Amino acid sequence: MKNKMKRILAIIVCISFILTFLPINSVSFAKPRYDVWKDKIKIYDADKKIKRAEAEYEGYKYIATFDKDTNEIKLKVKPLNTKKFDKSLDNSSLNEEKNFSVKVEYFDGENLKAKLIDEKTNEEYNIGDSDTVTAQYAVDIPIVLGLSEALISVLLAIGKIITLFGEKYIEASQAIANIRKNNYDYYKAAINNGILYIGPAIDFSEAYTRVFNWLDVFCKYKNKAENLAIEVAKNYKTFGGYVDGPEIHGNMPSHFYHYHIYMNKNTKNPAHIFYLLN
């Protein structure tokens, strides 16, 4: 009975310590969103290629940077002032500057799933929509994960970027200039919330596979898009398949001409084969 009481008292003491040590409002956000933190976040152009988002909270400064050329995201968390704690506790990490690289696994313009990777220890911390996130305040770092999520999300949103299956897609209107000047003919594409995004460059074989599997593709030239559509349509020739288009549902640069493939007169392959240039 004595041992049981000791265990209960130990648990109570631990809980009391945690609630005393951590700010209550730091653990109260079950699923943070940008609007919770927007009044704290400031956004800058650090230079021509670096976007920077900053916030100060509970004695720490959070600095997230986004490199528009490499799509690399970094997060720095540093104490504003040296903090004094009970000497009996190991709190040295609370006064250290922390630097993280950010691996974005998914971002659809609102929902984020990513990992913060400590550049010193290689430890990983999940942020955003992850089943493994059990608290929004990481005691051992320490940082507020919800604020980190908001900083990264706002940078991605400003850059007009989404991330699908670990790959970055840029809003089509922002990608046109690069597509015009580079030598690639085919790209992954995806429509999200009615907006077309363009992903990594691919070859004809992968473009063919995507369309065959009902996924969108963006081509640099009309003849490349038409030829791709014709080649995929050959698979449905026995069933009366054919190429339909080109068509467009608005004005460039928000909308683009594209082809569809009908597997037979009543069934359309939902993939879009977009193109930029005639």
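Of the heavy-atom accessible surface of segment 164-275 (probe 1.4 angstrom), what whole percent is carbon and sulfur?
Carbon-and-sulfur percentage of accessible area, whole number: 49.
Using the crude model of +1 on Lys and Arg Cβ and -1 on Asp and Glu Cβ, and no other charge, please compute the dipole size for segment 157-209 relative to its Cα centre, in debye to 20.
With Lys and Arg at +1 and Asp and Glu at -1, about 220 debye.
List, in the order given, every pair from LYS42/LYS120; LYS51/LYS120; LYS115/LYS234 whose Cα-Cα distance in the structure shown is over 32 Å.
LYS115/LYS234
What's the FRET efficiency of LYS237 with ASN178 using the Cβ-Cβ distance as r and R₀ = 35 Å, to the nearest 0.05?
0.45
Distance cut-off 30 Å, Cα to Cα: go down the list LYS168/LYS220; LYS48/LYS224; LYS220/LYS265; LYS49/LYS224 and report the pairs above it.
Table pairs above 30 Å Cα-Cα are LYS48/LYS224; LYS49/LYS224.
Using a Cα-Cα cut-off of under 17 Å, which aspartates and glutamates could be cross-linked to LYS38, ignoring same-chain neighbours fewer than 8 residues away?
Of all the aspartates and glutamates, those that pass the test against LYS38 - Cα under 17 Å, at least 8 places apart if same chain - are GLU54, GLU56, GLU58, GLU110, GLU149.
ASP216's amide H: which non-local residues (gap 5+, or another chain) put their own amide H closer than 5 Å, with H modeled 1.01 Å from N in plane and none for Pro or chain starts?
Distant-sequence amide H within range of ASP216: ALA189, HIS272.
By per-residue mean of other Cβ atoms within 10 Å, what is the highest-first order of 216-229, 256-269?
Descending mean neighbour count gives 216-229, 256-269.
Tell me the trypsin sites (Lys or Arg not before Pro) within segment 141-207 that lie in a loop according to DSSP and have at most 16 other beta-carbon atoms within 10 Å.
Counting only loop positions with at most 16 other Cβ atoms within 10 Å, the trypsin sites (Lys or Arg not before Pro) in segment 141-207 are LYS160.
For segment 164-275, what value does the Rg/Rh ratio take when both radii are computed over Cα atoms and Rh is the Kirkwood radius, given to two decimals?
Result for segment 164-275 is an Rg/Rh of 0.96.
Give me, ordered by chain and number, the residues 5 or more places off GLU123 or on other chains with an amide H under 5 Å from its own placed amide H.
Under 5 Å from the amide H of GLU123: ASP118.
The values are calculated or read from the model by the stated rules, or taken from the named source; none is laboratory data. This is a predicted model, so every value here is computed, not measured. Heads up, the Cβs are rebuilt from the backbone with ideal geometry, glycines too, and the neighbour counts pull from every protein chain shown. Accessible surface areas use protein heavy atoms only, side chains included; no ligands, DNA or RNA. Shrake-Rupley method; radii C 1.70, N 1.55, O 1.52, S 1.80 Å.
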